[in-house]
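Report on one structure; see the data block that follows.
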Amino acid sequence: MRKMCIFTSTRADWGLLRGVAEAIREHADLELQLLVSGSHLSSKFGMTVSEIEDAGFDITARVDVLHFDNSARGVCRSMGTALPGYSDALAEMKPDLLVVLGDRYETLCVVVAAHVLQIPIAHIHGGEMTEGAVDESFRHSITKMSQIHFPACEAYRQRVIQLGEQPDRVFDVGALGVENIGKIAFMDREALEASIGFPLDQPFFLVTFHPVTLEHATAGDQIDELFAALNQFSDRRVIFTKANADADGEIINAKIDAYVAEFPERCMAVASLGLVRFLSAMKMCAAVVGNSSSGILEAPSLKVPTVNIGDRQKGRVRAPSIVDCKPDSESVKNAMDAVLNDAFRAGIQNMESPFEKCGTADEIVKVIASIKLEGLLKKSFYNLT
């Protein structure tokens, strides 16, 4: 049996990877391993390892790397802790293939370890662009160390090939988050209210705002501008899902806590809603607001508008439901007015997401179960002609 190791370090990537994990676990010729790290193991970020365990998965190895603050220097120290931790775990687990998703620094570190240990790597969500984040360079670096690629649309497939990867190892499979929408049983409003302990009798915004990590010390000012815009919609409730473990994420989260304390009757904040509650909230919200990839990937498939703030997601393929704006209160307020317009909402109900494909997780597992692993590490650079 092939041992397939899935690496997960955040609530976001596990929400996407869970379907792949389930398909591997059910496959007769594959053995599932889970290497869990990052914010999953931090109480500050909701100790979301419990979501994995509650779903009935056995965790093969845990590597705690968040021993420092989330300043840029703190992230570098975490990366220094991650590399030997991941190498020890992988050396003990001896997977036949490592499966990773996205672009985070923890993912870069585990891929470096696997590359040195000569473990083949399958990379999901390569070829994308996020011009406002350091993750942009991490993602493309992960691509160059990986041998099998599963981008979310054809434009991203072409970019992976442009990076020199062999076309017959690059598979346009769609986005796992979009596939999740067709799989889960959504909660109704009453069930969601009871689960989160917060009334949703008024139209509400679902807000996630992360640091723009290629900008210097802008996190505090930008979240304040977002608050100023939200203040102009005092008849709307707000659910905040907090920032991830990026540099300056703690600044944003502290300010969110202070804002919620000031307006507890209309605002709440959580470190993680979990997949079902998050997508259920997204489905029924008035708009997704912030700079999370979920507003780009999942929201369009639910026909929910997105106010995308600033440059963190700049460069991604977009659906017509997304309105981009600058990170100042007037621009954010104008974008929110635009997406709340009845004509705008009506106009996006028949759109198609560029990331929708049938059987995304099953297609990924079909490839990794059947592809020849021998000789996979010896890559040649594919030249465009």
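The values are calculated or read from the model by the stated rules, or taken from the named source; none is laboratory data. What you are looking at is a predicted structure, and each value in this text was computed from that prediction instead of being measured. Positions of Cβ are backbone-derived with ideal geometry, glycine not excepted, and every protein chain shown enters the neighbour counts.
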For the range 286-298, give me each residue that is over 19 Å from residue 244 (Cα atoms) and in a strand (DSSP E or B). 287
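Please determine, by comparing only the residues of the range 290-302 that are polar (S, T, N, Q) and within 17 Å of residue 249 (Cβ to Cβ), which one is surrounded by the most Cβ atoms within 10 Å (Cβ to Cβ). Give the derivation first.
The initial filter retains those residues of the range 290-302 that are polar (S, T, N, Q), namely 291-294, 301.
Subset that is within 17 Å of residue 249 (Cβ to Cβ): 291-294.
Numbers: 291: 29, 292: 25, 293: 24, 294: 20.
Within the range 290-302, the match that is surrounded by the most Cβ atoms within 10 Å (Cβ to Cβ) is 291.
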Kindly list, by first and then second residue, each pair from a residue in the range 56-72 that is crowded, with 18+ Cβ neighbours inside 10 Å to a residue that is at pLDDT below 95 and acidic (Asp, Glu), limited to pairs with Cβ atoms under 7 Å and residues at least 6 apart or on different chains. 70/246; 70/248; 70/250
Among the candidates 331, 301, which residue alone is over 24 Å from residue 174 (Cβ atoms), in a helix (DSSP H, G or I), out of contact with any Lys or Arg (no Cβ under 7 Å at 6 or more places or on another chain) and of a type in the set (Ser, Thr, Tyr)? 331
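Looking at this structure, is residue 280 crowded, with 19+ Cβ neighbours inside 10 Å, modelled with pLDDT under 95 and either under 23 Å from residue 128 (Cα atoms) or not basic (Lys, Arg) (or both)? It would help to see each step written out before you state the result.
Numbers: crowded, with 19+ Cβ neighbours inside 10 Å: yes; modelled with pLDDT under 95: no; either under 23 Å from residue 128 (Cα atoms) or not basic (Lys, Arg) (or both): yes.
No: the conditions fail for residue 280.
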Residue by residue through the range 334-354, note down the ones that are surrounded by fewer than 20 Cβ atoms within 10 Å (Cβ to Cβ) and either of a type in the set (Asp, Glu) or closer than 16 Å to residue 310 by Cβ (or both). 334, 337, 342, 352
Of the residues in the range 345-383, those that are touching a helix residue (DSSP H, G or I) at 6+ places or on another chain (Cβ under 6 Å) and part of a helix (DSSP H, G or I) come to 360, 361, 362, 364, 365
Is it true that residue 192 is touching a Cys at 6+ places or on another chain (Cβ under 6 Å), at pLDDT 95 or above and outside any loop (DSSP other than H, G, I, E, B)? no
Quick test for you: out of 56, 132, 80, pick the one residue that is on the phi > 0 side of the Ramachandran plot and in the same structural domain as residue 20 (by TED's automatic domain parsing). 56
How many residues are farther than 21 Å from residue 106 by Cβ, small (Gly, Ala, Ser) and outside any helix (DSSP H, G or I) when one looks only at the range 135-162? 0
What are the pairs with Cβ atoms under 6 angstrom where one residue, in the range 79-99, is in contact (Cβ under 8 Å) with a residue 40 or more places away in the chain and the other, located anywhere, is of a type in the set (S, T, N, Q) and not in a helix (DSSP H, G or I)? Sequence gap at least six, or different chains. 93/33; 93/60; 95/33
Considering only the range 303-329, how many residues are of a type in the set (A, V, I, L, M, F, W, C), within 17 Å of the chain's Cα centre (by Cα) and either surrounded by fewer than 19 Cβ atoms within 10 Å (Cβ to Cβ) or closer than 18 Å to residue 176 by Cβ (or both)? 1
Could you please let me know if residue 234 is surrounded by fewer than 19 Cβ atoms within 10 Å (Cβ to Cβ) and of a type in the set (Gly, Ala, Ser)? yes
Condition broken by residue 126, with the remaining ones in (1) touching a His at 6+ places or on another chain (Cβ under 7 Å); (2) in a loop (DSSP other than H, G, I, E, B); (3) over 30 Å from residue 305 (Cβ atoms) satisfied: (3)
